[in-house]
1. Pairs to check: 138/274; 134/222; 203/228. Give those whose C-alpha atoms are more than 32 Å from each other in this structure.
2. So how far, in whole Å, is the C-alpha centre of region 163-220 from the one of region 96-147?
3. What does the highest-first list of 22-34, 295-307 look like by mean Cβ count within 10 Å?
4. Under 19 Å Cα to Cα from residue 120, which aspartates and glutamates show up? Leave out anything in the same chain fewer than 8 places away.
5. Along the charge dipole of the chain, Cβ charges K/R +1 and D/E -1, which of 211, 136, 83 sits furthest on the positive end?
6. Out of residues 5 or more away from residue 342 or on other chains, whose amide H comes under 5 Å of its own, with H placed 1.01 Å from N in the peptide plane?
7. Apply the Karplus parameterisation 6.51 cos²θ - 1.76 cosθ + 1.60, with θ equal to phi minus 60°, to every residue of region 269-278 and state each ³J(HN,Hα) to the nearest whole Hz, in sequence, with x for glycine and proline.
8. Among 44-50, 144-150, 248-254, 265-271, how do they line up by average Cβ neighbours within 10 Å per residue, starting with the highest?
Amino acid sequence: MIRWKEGSVSVDQNRAIRMMIPGPVEVHPDVLKAMGSPVEPHYGDAWVKKNQQVLTYLKEVFRTEGDVYLLVGSGTSAIDAAVGSCLQTGERILIGNNGYFGDRLVSIAQHNGLDVVEVKAEWGQELDPQAIRKTLQKDPSIKAVAVVHGETSTTILNPIQDIGPIVRENGALFIVDAVSSLGGVPLEMDTWCIDACASATQKCLGAPPGLGPIALNERAWKSIDRLKIGEHGWYTDLRVWRKYAQEWGDWHPSPITMATNNVNALLVSLTHLKKEGIPARMERYRRLAIQLREGLRQAGFTPFTADEKLNPVLTAAYAPQGIESGEIVQYLMKEYAIQISGGLGILKSTIFRIGHMSPMVTQEDIVYLCDALQKFQK
């Protein structure tokens with residue numbers, strides 16, 4: 001492992017920006033090349049073969065035998081589709097909320113006309129699976145539970161591997177927002193009793209923004225098929241996507257004009273992931289997180305979460321007393337062309353967040369960043 005020490009990397013004001021935000025991420029040149037390839041049609045034999053290869057790779061990343069679809073849109077569109085497709089207006093959903101994107105889950109559910117019950121934890125603390133168990137046992141009318149896996153606002157990874165079996169035992173659906181975790185953090189959709197799982201391409205999958213992968217099992221479909229047609233729209237009704245996959249799949253596998261260049265880019269990034277190996281990629285991210293935490297402490301900064309709550313793809317740290325985190329963000333960009341993010345919500349001025357979820361982030365990048373942070377302290 002490359003270890004940080006003061007003055008270990010020289011400053012090069014002429015190089016490209018090092019983008020180390022929580023997404024979108026810097027992508028491999030091969031991915032950019034595919035994104036810039038000539039536009040091709042979203043139907044026909046060649047396209048069907050390519051589209052199926054992408055979905056097969058995604059199944060391996062989701063770790064599921066269920067169905068996978070690619071929505072054209074953000075990760076939020078995939079979450080909206082999961083929540084709106086699985087539940088009828090007026091039904092009750094339990095949402096685990098311990099951050100900014102937990103709040104967003106609540107908002108998405110409410111916009112779909114659902115009755116929301118929240119189980120909260122403090123920002124920076126994990127959701128308590130036993131609190132979810134108690135709420136489900138107390139209220140059998142709850143039809144589903146939705147949780148953010150990697151809460152990007154705090155870097156906390158919620159224990160979905162423990163929550164899933166509890167939800168299944170109580171007969172509810174388990175919906176997971178894996179936007180910032182899929183491909184970079186261990187996730188076992190089928191083993192962990194996840195019924196619907198939504199993500200995005202611009203984070204750990206290492207592709208440009210624009211696609212929202214979503215995976216569903218038979219339990220999710222059983223719930224979806226109860227709903228009246230069109231109750232929560234057309235585009236995000238996953239039955240529409242299933243219909244085209246089943247009836248038009250041999251020549252036109254999606255109900256809309258697919259963003260073919262985005263899919264081409266995603267295919268390249270997934271091919272790179274498979275070549276490196278999913279466990280190997282995740283272990284590389286974990287080592288970068290450990291290296292960064294060591295460098296932060298040596299530079300005089302305190303990580304926001306304890307080491308046992310390490311997030312392999314995203315790290316937050318406290319700004320020094322009397323300094324707003326935005327000052328650090330601006331300093332790194334202006335002086336070193338390193339782009340990181342400040343906090344969100346109640347942590348906006350308190351912490352800064354460093355994304356190392358790009359396949360392009362290296363040990364040398366961590367060294368360079370920590371050297372720059374040391375100079376900020378002087």
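1. Working: 138/274 44 Å; 134/222 25 Å; 203/228 34 Å.
Result: 138/274; 203/228 exceed 32 Å.
2. Cα centroid of region 163-220 versus Cα centroid of region 96-147: 16 Å apart.
3. 22-34, 295-307
4. 103, 128, 139, 151, 162, 177
5. My answer, from the dipole projection, is 211.
6. 353
7. Calculated HN-Hα couplings, in order: 5, 5, 4, 4, 4, 5, 5, 5, x, 4 Hz.
8. 144-150, 265-271, 248-254, 44-50
Just so you know, all these numbers are worked out from the coordinates, no wet-lab data involved. Everything quoted here is computed from the prediction, not taken from an experiment. Using ideal geometry, Cβ is built from the backbone for each residue, glycine included, and neighbour counts are taken over all protein chains shown.
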